[in-house]
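Here is the structure we will look at.
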Amino acid sequence: MGKAPPITNRVKELREEHDGMSQQALADTIGVTRQTVIAIEQGKYSPSLESAFRISRVFGVGVEDVFGWEG
Amino acid sequence: MSFREKSAWGMGALMLVTGLLWVLHMDWAVNDDHVHIWEIAHFFIAVIILSIIIQGVLAVTNRGEARKPADERERVAIWRAGHWSGSVLGVGVILSTLVYGLHGGGVSNLFNGVVASLIVAQFAQYAFQIFFLRRGV
């Protein structure tokens, strides 16, 4: 509880690369709230496999290009 | 702040205020074998009416989010909060029963103890929801 999961991500970086896509736009596209996108970017929440695939499809990359295992 | 968190803040504040009013209003010196159901009925009716008002105001001011179901992170936060508030309720009921069993007295105090446990557990549920939604699940 409170400890960040050992999963890293490039969501914020990829959002900025995609014409500065807003957190709300990404949230609406993958079907979560903006607060959940914020939690993912801050490493406070690891998304479900389904959401991870949705995020990677939005950016047109593979899941492993968005998410990684720390260490 | 998401709709779920606003809702938890509103309902938590409601439980805190109405719970404190109920504690202050109750005549704890009365310790008989009658369950004073009408006294607690006022509390429950007030909670129901105020809950409808709070949820109505939140739904009108957050139309978009209010229509959507909780997302995956919110569902986990709500589930965990329910788990911990269930433990709070269990401890409260066991303590109330132990006090009644050890000290005896009327059934009214046992009843009030269980109702107080319910109120505290409900408040705890909203407090845990806010905690998990903010700190991560």
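The values are calculated or read from the model by the stated rules, or taken from the named source; none is laboratory data. None of the values given here were measured: they were computed from a predicted structure. A quick note on method: Cβ atoms are made from the backbone with ideal geometry, for glycine too, and the neighbour counts reach across all protein chains shown. Note: areas computed on protein heavy atoms with side chains; ligands, DNA, RNA excluded. Shrake-Rupley method; radii C 1.70, N 1.55, O 1.52, S 1.80 Å.
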> Could you give the angle, 0 to 90 degrees to the nearest 10, between helix B:3-25's Cα long axis and the longest principal axis of the Cα atoms of chain B?
Replying inline: 20 degrees
> Going by the alpha-carbon gyration tensor, a ≥ b ≥ c the square roots of its eigenvalues, is chain B rounded (a/c under 1.5) or, if a/c is not under 1.5, prolate (a/b greater than b/c) versus oblate?
Replying inline: oblate
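How many lysine pairs in the protein assembly as shown, separated by 8 or more positions in sequence or lying on different chains, have Cα atoms less than 23 Å apart? All intermediate terms of the calculation are to be shown ahead of the outcome.
On the way: A:LYS3/A:LYS12; A:LYS3/A:LYS44; A:LYS12/A:LYS44; A:LYS44/B:LYS6; A:LYS44/B:LYS68; B:LYS6/B:LYS68.
Here the count comes out as 6.
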> Counting only other chains, what is the mean number of Cβ atoms within 10 angstrom of the Cβ of each residue in peptide A:56-64?
Replying inline: 0
> In whole angstrom, and with the biggest value first, how far do the Cα coordinates of the protein assembly as shown range along each principal axis?
Replying inline: 70, 41, 21
> To the nearest 10 degrees, how steeply does helix B:72-103 sit against the main Cα axis of chain B, on a 0 to 90 scale?
Replying inline: 10 degrees
> What is the mean number of Cβ atoms from other protein chains located within 10 Å of the Cβ atom of each residue in peptide B:1-12, rounded to a whole number?
Replying inline: 1
>> Charges at C-beta only: +1 for Lys and Arg, -1 for Asp and Glu. How large is the resulting dipole of chain B about its Cα centre, in Debye rounded to 20?
In response: 800 debye
> Listed highest first by mean packing, meaning other Cβ atoms within 10 Å per residue, what order do A:58-67, B:36-45, A:9-18, A:30-39 come in?
Replying inline: A:30-39, A:9-18, A:58-67, B:36-45
> For helix B:37-61, what angle does its Cα long axis make with the longest principal axis of chain B, in degrees from 0 to 90 and rounded to 10?
Replying inline: 10 degrees
> Given a 1.4 Å probe and every protein chain left where it sits, what share in percent of the accessible area of the protein assembly as shown is carbon and sulfur?
Replying inline: 65 percent
> Can you work out D for segment A:7-61 in µm² s⁻¹ from Stokes-Einstein, where Rh is the Kirkwood radius over C-alpha pairs, the temperature is 25 °C and the viscosity is 0.890 mPa s?
Replying inline: 224 µm²/s
> Heavy-atom accessible surface, probe 1.4 Å, ligands and DNA/RNA ignored: which residues of segment A:25-50 lose at least 30 Å² versus the isolated chain?
Replying inline: A:THR33, A:GLN35, A:THR36, A:LYS44, A:TYR45
> How big is the B-A contact in terms of buried accessible area, both chains counted, 1.4 Å probe, rounded to the nearest 100 Å²?
Replying inline: 1100 Å²
> So what is the 222 nm mean residue ellipticity for chain B from helices alone, if each DSSP H run of at least 4 adds -39500 (n - 2.57) and you divide by all residues, rounding to the nearest 500 deg cm²/dmol?
Replying inline: -29000 deg cm²/dmol
